[in-house]
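Working notes for the structure below.
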Amino acid sequence: MLLLALILPAPMASAQPQRQPAPAGDVAGGRDHPLVGRYQGATLRFYRQRDYEELRLVNRPSLSRDVREQGAQRHERNSIAVAGRATRLRYEGPEGRSALEVLRNHQERLRANGFEIAFECRGADCGTPPDHWSAVVNAVPQPPAHGMTPGWATQSYSFARLARPEGDVFVSILAVDYQSRSNILVDVVEARPMEAGRIVFIDASAMQQSVERTGRVALYGVLFATDSADIQPASRPTLEEIARFLRANATMNVVITGHTDSQGSFEHNLGLSMRRAQSVIASLTREFQIAPARLTPFGAGMASPVASNDNDAGRQQNRRVEIVKR
């Protein structure tokens, strides 16, 4: 049996990892995940990584009733919801190597890295024919650009979990035979631990309680494009709750404070955090008719962290908007 070959060094190595040249045929910008690796001789055909994504990964057989059913319940019976840094990869295996052999090698590597194989299946054991396994890909809300071919009868699948203090890691691997090669779809989600500052929706009532208790409330639902003061559309629910809180406290004046992580210069982050605070105020006054005189913008930059800036999880906590009672 072939052994998995990692392109990146093992994550426990003390030396700084060196980026190796991509193997011939790999998609531009793609790279192996260090906890999963690749089967020797496989080619990376699709790669995408997002800093934060919410996915459902299959952890039980997919039954015909799940395929027919519409809405959220379609996948709740056979998948688990996970959130965090999400990486999707699709490999094309070498000539003559079966999907099962590829999957078994990946499982070997995962176990060596401390993973528990929580669910695995082959062929019809994965669910009810004829559409029993197209749900594996469909359960993950990402576009079908990965290039997997539907309607497999030879699929092998594995769902694994690694428990670790800094956040659990979930891996799903779907391997199918196609002509004389295998296709391998890998999803890796590195969950953010609760203490590391998950993006949390805070409603007006929770804002009220926090301000009454501490005089301030930190919000992670106001999202900006990278290095920009442009508010992203997904921020609207939190902005609506801020407006509701302010209407319920009509005599209260507040400071809208922008906070950044430590990436970039001190002066740049001061300016960026101020522009972000001003953008929030502009939205509250223009879209929700909150009186401008009640709102004072302030940019704290990187000067008031709530977590370490030495890792991604800490930096995510430090990027926030705060409401401070005046």
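Sorted fewest first by neighbouring Cβ atoms within 10 angstrom, T154, T43, T251 come out as T251, T154, T43. The base-10 log of I(q)/I(0) for region 195-325, evaluated at q = 0.13, 0.17, 0.22 Å⁻¹, reads -0.48, -0.84, -1.42 [Debye formula, identical scatterers on Cα atoms, solvent excluded].
For the pair A81 and T285, what calculated FRET efficiency results from E = 1/(1 + (r/R0)^6), where r is the Cβ-Cβ distance and R0 = 51 Å, to the nearest 0.05?
FRET efficiency, T285 to A81: 0.90.
Taking amide hydrogens as placed 1.01 Å from N in the peptide plane, the amide H of S98 sits under 5 Å from that of no residue at least 5 positions away in sequence or on another chain.
If the chain linking R326 and Q40 were pulled fully straight, counting 0.36 nm for each residue of separation and taking away their Cα-Cα distance, it would gain 96.8 nm. From least to most packed, judged by other beta carbons within 10 angstrom and beginning with the fewest, Y178, Y39 follow the order Y178, Y39.
Provide the gained length on full extension for the span D168 to R213, in nm with one decimal, where the gain is 0.36 nm per separating residue minus the Cα-Cα distance. Could the numbers behind the result be given before it?
Values: separation 45, 0.36 × 45 = 16.20 nm, distance 3.22 nm.
So the chain would gain 13.0 nm between D168 and R213.
Full extension of the chain segment joining N311 with A153 gains 52.6 nm, where the gain is 0.36 nm per residue of separation less the Cα-Cα distance.
Coordinate-derived values only; no laboratory data. It should be emphasised that the depicted structure is a prediction, and the values quoted were computed from it without experimental measurement. Please note: Cβ atoms are built from the backbone with ideal geometry, for glycine as well, and neighbour counts cover all protein chains shown.
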